[in-house]
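The values are calculated or read from the model by the stated rules, or taken from the named source; none is laboratory data. The structure presented is a predicted model; accordingly, all values stated were derived computationally and were not measured. All Cβ positions, even for glycine, are placed from backbone atoms using ideal geometry, and neighbour counts span all protein chains on display. Protein only, heavy atoms only, side chains kept; ligands, DNA and RNA dropped before computing areas. Shrake-Rupley method; radii C 1.70, N 1.55, O 1.52, S 1.80 Å.
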Amino acid sequence: MDFKELNNGVRMPMQGFGVFQIPDATECERVVTDALATGYRLIDTASVYGNERAVGAAIRNSGISREELFITTKAWISEMGYEQTLRSFDVSLARLGLDYLDLYLIHMPFGDYYGAWRAMEELYSAGRVRAIGVCNFEPDRLLDLCHNVRVIPAVNQIEMHPYTRQSEAVRIMGELGIQMEAWGPLAEGRNGLFTDEILTGIGRKYGKSAAQVVLRWHLQRGVVAIPKSVHRTRMEENFNIGDFTLSVEDMAAIDAMDTGCSTILDLHAPAEVERLYNIECQA
């Protein structure tokens, strides 16, 4: 397992596992159990996913020591604000059945996220979370936040895959010392990613799938990636990317697939923002 050292010295696994869109508790617990057995140690969830309890159950039953794991959850829009975020952190921690978190993120750049960040700074200072960060913060919002807080985010988790390479975000985060983490690292399979001629052609050179090529591309860019799958064989395939290295030419060919825009979540679209505000966390 490769690690990245965050700006506060905490080591974060570069290969993680996400549980977005797995709301069924039984299935989620099975999936996380399989992911941990495969070798994943970074598990990424969120209050709005409705599966924190299932993730916690899988962790407790895994037999893996807490120190080996890196557990992330996120506070949703309705949980923004100083008091709300303090309460929401306690609720998430109780659902997970943990004494502390490794990473706590603001899920969306909406609502009173400045109040939320003050709460997160307190939680971090108290040692209840090892690192704090944000999710879906584009360069302008990220820069604004960093100019107005005591603790610079350790991580920014954003949409990133070959069709959305996020060159400007990579540059800004590099200057700020913030670790890039990719959600949707396989583009959710959209635009025919798994059968793309460029990716499958590169894969044939190494005896690897298009998905493995893309995840290796993330790894070589220094990006933490959190692919999701409910199938054990696919989890194992996604995890086994340590035995090959993409050439400079291969990396450039994948870079050239960039469309320059989001292909999954457009946070500038009013209808999308309205949709997000209408999503509520489950009890």
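Values as computed for the structure displayed
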quantity: Residue tally, condition under 30 Å from residue 2 (Cβ atoms) and either buried (at least 21 other Cβ atoms within 10 Å of the Cβ) or among the small types (Gly, Ala, Ser) (or both), over region 103-125; calculated: 9
quantity: Qualifying residue in region 39-47 (condition: crowded, with 19+ Cβ neighbours inside 10 Å and either part of a helix (DSSP H, G or I) or among the polar types (S, T, N, Q) (or both)); calculated: yes
quantity: Residue list for region 254-275, restricted to those being assigned to a helix (DSSP H, G or I), in contact with a Leu (Cβ under 9 Å, 6 or more places away or on another chain) and farther than 19 Å from residue 227 by Cα; calculated: 272, 273
quantity: Test result for residue 132, within 30 Å of residue 198 (Cβ to Cβ) and buried (at least 22 other Cβ atoms within 10 Å of the Cβ); calculated: no
quantity: Conditions (1) open to solvent by 40 Å² or more (accessible area, probe 1.4 Å); (2) among the acidic types (Asp, Glu); (3) closer than 18 Å to residue 185 by Cα: number failed by residue 68; calculated: (3)
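Residue-wise test of (1) among the hydrophobic types (A, V, I, L, M, F, W, C); (2) touching a residue at least 60 places away in the same chain (Cβ under 8 Å); (3) more than 23 Å from residue 235 (Cβ to Cβ); (4) not in a helix (DSSP H, G or I).
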site	(1), (2), (3), (4)
27	no, yes, no, no
31	yes, yes, no, no
36	yes, no, no, no
53	no, no, no, no
60	no, no, no, no
64	yes, no, no, yes
74	no, yes, no, yes
85	no, no, yes, no
93	yes, no, yes, no
